[in-house]
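Peer 1: Sharing a structure here in structure tokens format.
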Amino acid sequence: MERYEVRLSGEGGQGLVLAGAILAEAAGIYGGKFVTYTQSYGPESRGGGCRSDLIISDTEIDYPICAHLDLLLCLTQKSCDTFSSKLKPGGLLIADSKRVTNPPSGPFRVHSVPILQTARQKMGREVAANMVCLGVIAKISGLVTIEALRQAVAARVPKGTEATNLRALEAGYALALEVAPADALCVPAKISA
Amino acid sequence: MGAATKTVQLLQGNAACARAALAAGCRFYAGYPISPSSEIAEVMARLLPPAGGKFIQMEDEIASLGAVIGASLAGVKGMTATSGPGFSLMQEHIGYACYAEVPCVIVNVMRGGPSTGLPTLPAQGDVMQARWGTHGDHPAIALCPSTPAEVYELTVLAFNLSERLRTPVILLMDEVVAHMYEKVDMRRLANLPVENRARPTCEPGKHAAFTPGADGVPVMAPFGDGYRYHVTGLAHDDRGYPTQDPKLVAATNRRLQEKTVRNREGLMRYELLDTEDAEVIVFAYGIVAAAARRAVREARKQGIRAGLFRPITLWPFPGEELAAACAGASRVIVAEMNLGQMSGEVQRVIGRSKDVESCLKADGEAISPEEILLAIEGKEVRHV
């Protein structure tokens with residue numbers, strides 16, 4: 001796989017920094033890829049823009065900052081408005097259906113997915129949305145296997161919360177199966193699962 | 001953290017710094033957390049107590065460095081970490097540590113400034129502050145990594161240089177490198193050599209605390225070991241007592257200035273990429289060097305003979321090495337995330353025969369490979 005760029009975006013408090021670390025560990029340590037992961041966030045611990053950028057590749061990564069996104073996840077309308085122009089033609093946009101009320105159209109695939117709602121209904125709290133996101137990404141993009149994600153989640157989340165976080169991950173995986181048409185679920189040809 | 005036991009790990013720049021400090025023998029940390037350096041304090045708070053060390057969260061950055069200086073005088077390796085606003089507050093104590101010759105490591109993860117500036121966006125605006133932030137003529141050592149693995153190596157080196165030369169050493173990271181994770185094979189970083197300051201072997205009554213050895217560095221007695229001497233920020237004699245004797249003052253000030261430069265070996269670090277036949281040389285450090293590396297490779301594909309000079313030691317400035325690398329080039333471009341702080345230094349070194357060109361950015365965004373490539377192609381760089 002050539003350089004594959006992923007951005008997880010939303011606002012402070014949504015757990016996207018941890019989600020990025022877990023996705024990076026799943027792809028890099030358990031998936032055997034080269035990976036870099038950077039973050040950007042404002043001074044606010046709640047609200048304020050927040051993003052996690054990952055680059056995943058079969059070869060060494062010379063520059064760790066995203067410029068042409070293959071996959072963009074947005075948990076707020078603002079982050080979607082800010083970053084959707086960075087999506088590559090043929091890229092993949094996963095937007096939360098509650099907070100992104102006006103998803104853009106363009107030469108990319110758009111999946112509007114009830115991530116926050118699922119976190120609230122299935123897990124009882126929206127803060128679980130970051131793990132739901134990871135399950136959705138695994139299923140829709142095929143970028144990492146669910147097994148690699150399970151291992152990374154178990155290794156990274158605070159002790160005592162493993163079971164809850166793993167359930168949220170599975171909820172995301174199941175959600176992707178429900179909302180995305182079967183032909184949209186793909187493993188990119190160049191990525192070996 | 002379960003990941004800590006694996007050989008191949010996902011390592012973050014800030015976490016690498018904290019873990020390397022521990023490996024280098026650091027057993028004291030005092031700090032006031034500030035983004036984008038906070039993870040260093042977080043990891044030190046977790047790792048130091050089980051290793052028999054002490055972690056103290058202080059009331060501010062002035063007190064933080066004061067506490068580190070105190071620990072070091074007592075014989076314990078100490079570190080603090082901050083960002084621009086805290087680095088400004090530390091300047092007085094940096095000068096004190098330079099003059100009293102107290103080894104310590106100060107990490108500054110640069111964010112956009114001036115003042116409170118841009119929390120928590122990247123910049124390289126503190127490179128001149130790292131050289132001249134504290135007043136008076138003084139030695140300065142500043143190291144600048146461009147990957148998490150290099151953060152680890154340079155943190156160990158920072159401790160070694162500070163122990164060897166009895167001087168504060170500054171590790172200058174930008175926000176991207178500090179917050180970036182990459183896959184690192186920890187075996188490569190295990191068992192790096194660790195240096196410890198020389199201690200006096202004479203009887204306590206015979207030790208002249210500030211009489212230098214052949215390397216220009218006096219041996220250091222830890223407080224509490226029976227060696228009696230005075231520590232002050234005033235100009236001082238060989239026992240540490242204040243003096244205004246011009247001869248003594250001149251000798252000490254010159255010695256401090258020269259002790260870093262004469263111990264150049266192992267201190268001057270830099271990386272060259274494709275400079276041998278280069279017509280255009282890009283000078284870049286920290287995360288900008290990663291962008292420059294990509295731009296240089298792209299330029300080569302287009303048939304432009306481009307090369308990269310990456311200073312790893314920013315201070316003392318590797319001027320001789322840069323001048324040698326640039327001798328055959330017709331153009332030199334400085335790419336940095338500030339308004340040209342190192343450009344002047346590069347111009348001074350390469351002389352007036354060619355004008356240094358600049359690819360500068362100070363808006364909270366990192367410089368991209370495309371922007372540096374435009375500069376190499378001689379086109380106008382318009383930052384978005």
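None of the figures in this text is laboratory data; all of them are computed from the coordinates on show. Here the structure is a predicted model, which is why all the values come from computation and not from measurement. Backbone-built Cβ (ideal geometry, glycine too); neighbour counts: all protein chains shown.
Peer 1: Between B:GLY216, B:GLY233, which is at positive phi, surrounded by 14 or more Cβ atoms within 10 Å (Cβ to Cβ) and either within 14 Å of chain A (Cβ to nearest Cβ) or of a type outside the set (Val, Ile, Thr) (or both)? I'd like the intermediate steps shown before the answer.
Peer 2: Working: B:GLY233 fails: at positive phi.
One residue alone meets the criteria, B:GLY216.
Peer 1: When you go through (1) surrounded by 24 or more Cβ atoms within 10 Å (Cβ to Cβ); (2) under 30 Å from B:ARG255 (Cα atoms); (3) not aromatic (Phe, Trp, Tyr) one by one for B:GLY25, which number turns out not to apply?
Peer 2: Checking B:GLY25 against (1) surrounded by 24 or more Cβ atoms within 10 Å (Cβ to Cβ); (2) under 30 Å from B:ARG255 (Cα atoms); (3) not aromatic (Phe, Trp, Tyr), the one that fails is (1).
Peer 1: Looking only at segment B:133-164, count every residue that is of a type in the set (Ser, Thr, Tyr) and either in a helix (DSSP H, G or I) or touching a His at 6+ places or on another chain (Cβ under 6 Å) (or both) and tell me the total. If you could, list the steps in order and put the result at the bottom.
Peer 2: Let us first name the residues in segment B:133-164 that are of a type in the set (Ser, Thr, Tyr), namely B:134, B:146-147, B:152, B:155, B:162.
Next cut, either in a helix (DSSP H, G or I) or touching a His at 6+ places or on another chain (Cβ under 6 Å) (or both) only: B:152, B:155, B:162.
So the answer is 3.
Peer 1: If I go through segment B:50-76 residue by residue, how many of them are closer than 18 Å to B:ALA20 by Cβ and free of Cβ contacts under 8 Å to residues at least 12 places away in the same chain?
Peer 2: Within segment B:50-76, residues that are closer than 18 Å to B:ALA20 by Cβ and free of Cβ contacts under 8 Å to residues at least 12 places away in the same chain number 1.
Peer 1: Checking B:LEU121 against (1) over 12 Å from the mean Cα position of the chain (by Cα); (2) aliphatic (A, V, I, L, M); (3) surrounded by fewer than 19 Cβ atoms within 10 Å (Cβ to Cβ), only one condition comes out false. Which one?
Peer 2: Only one criterion in (1) over 12 Å from the mean Cα position of the chain (by Cα); (2) aliphatic (A, V, I, L, M); (3) surrounded by fewer than 19 Cβ atoms within 10 Å (Cβ to Cβ) is unmet by B:LEU121, namely (3).
Peer 1: What number of residues within segment B:165-183 are assigned to a loop (DSSP other than H, G, I, E, B) and away from chain A (no Cβ under 14 Å)?
Peer 2: Keep residues of segment B:165-183 that are assigned to a loop (DSSP other than H, G, I, E, B), which gives B:166-167, B:180.
Then drop every residue that is not away from chain A (no Cβ under 14 Å), which leaves B:166-167.
Adding up the residues that qualify gives 2.
Peer 1: Name the single residue, out of those in segment A:70-100 being of a type in the set (Val, Ile, Thr) and under 24 Å from A:LEU177 (Cβ atoms), that is farthest from the other protein chains (Cβ to nearest Cβ). First the steps, then the outcome.
Peer 2: First, the residues of segment A:70-100 that are of a type in the set (Val, Ile, Thr): A:76, A:82, A:94, A:100.
Checking which are under 24 Å from A:LEU177 (Cβ atoms) leaves us with A:94, A:100.
Values: A:ILE94: 22, A:VAL100: 24 Å.
The selected residue is A:VAL100.
Peer 1: Moving on to the next point. Among the residues that make up segment B:55-63, is at least one of them acidic (Asp, Glu), within 20 Å of the chain's Cα centre (by Cα), away from every other protein chain (no Cβ under 14 Å) and over 22 Å from B:ARG188 (Cα atoms)? Spell out the reasoning first.
Peer 2: Of all residues in segment B:55-63, those acidic (Asp, Glu) come to B:59-61.
After this cut, where a residue has to be within 20 Å of the chain's Cα centre (by Cα) as well, the list is B:61.
The next check asks that each one be away from every other protein chain (no Cβ under 14 Å); those that pass are B:61.
Next, only the ones that are over 22 Å from B:ARG188 (Cα atoms) stay: B:61.
Looking through segment B:55-63, at least one residue is acidic (Asp, Glu), within 20 Å of the chain's Cα centre (by Cα), away from every other protein chain (no Cβ under 14 Å) and over 22 Å from B:ARG188 (Cα atoms).
Peer 1: Continuing with this model, one more query. Here are B:SER358, B:SER368, B:SER343: which of them is within 14 Å of chain A (Cβ to nearest Cβ) and hydroxyl-bearing (Ser, Thr, Tyr)?
Peer 2: B:SER368
Peer 1: Additional query: Pairs needed: first member in segment B:288-300, more than 7 Å from chain A (Cβ to nearest Cβ); second member anywhere, of a type in the set (Ser, Thr, Tyr) and not in a helix (DSSP H, G or I); C-beta distance under 8 Å; at least 6 residues apart or different chains.
Peer 2: Listed by first residue and then by second, the contacts come to B:ALA289/B:SER146.
Peer 1: Out of the strands (runs of 3 or more DSSP E) lying entirely within segment A:1-69, which hold 3 or more residues that are facing chain B (nearest Cβ under 7 Å) and either touching a Lys or Arg at 6+ places or on another chain (Cβ under 9 Å) or of a type in the set (Val, Ile, Thr) (or both)?
Peer 2: Working: elements: A:4-12, A:34-41, A:47-57.
Counting at least 3 such residues, we get A:34-41.
Peer 1: Tally up the residues in segment B:145-155 that are under 18 Å from B:VAL68 (Cα atoms) and either within 13 Å of another protein chain (Cβ to nearest Cβ) or surrounded by fewer than 24 Cβ atoms within 10 Å (Cβ to Cβ) (or both), please. Spell out how you get there, then give the answer.
Peer 2: Residues of segment B:145-155 that are under 18 Å from B:VAL68 (Cα atoms), as a first pass: B:155.
Still in the running and either within 13 Å of another protein chain (Cβ to nearest Cβ) or surrounded by fewer than 24 Cβ atoms within 10 Å (Cβ to Cβ) (or both): none.
Counting residues in segment B:145-155 that are under 18 Å from B:VAL68 (Cα atoms) and either within 13 Å of another protein chain (Cβ to nearest Cβ) or surrounded by fewer than 24 Cβ atoms within 10 Å (Cβ to Cβ) (or both) gives 0.
Peer 1: Exactly one condition in (1) out of contact with any Cys (no Cβ under 8 Å at 6 or more places or on another chain); (2) under 24 Å from A:HIS68 (Cα atoms); (3) of a type outside the set (A, V, I, L, M) is not met by A:GLY142; state its number.
Peer 2: (1)
Peer 1: Continuing with this model, one more query. Would you confirm, using the coordinates I've provided, whether B:ARG310 is touching a residue at least 12 places away in the same chain (Cβ under 8 Å) and touching a Leu at 6+ places or on another chain (Cβ under 9 Å)?
Peer 2: yes
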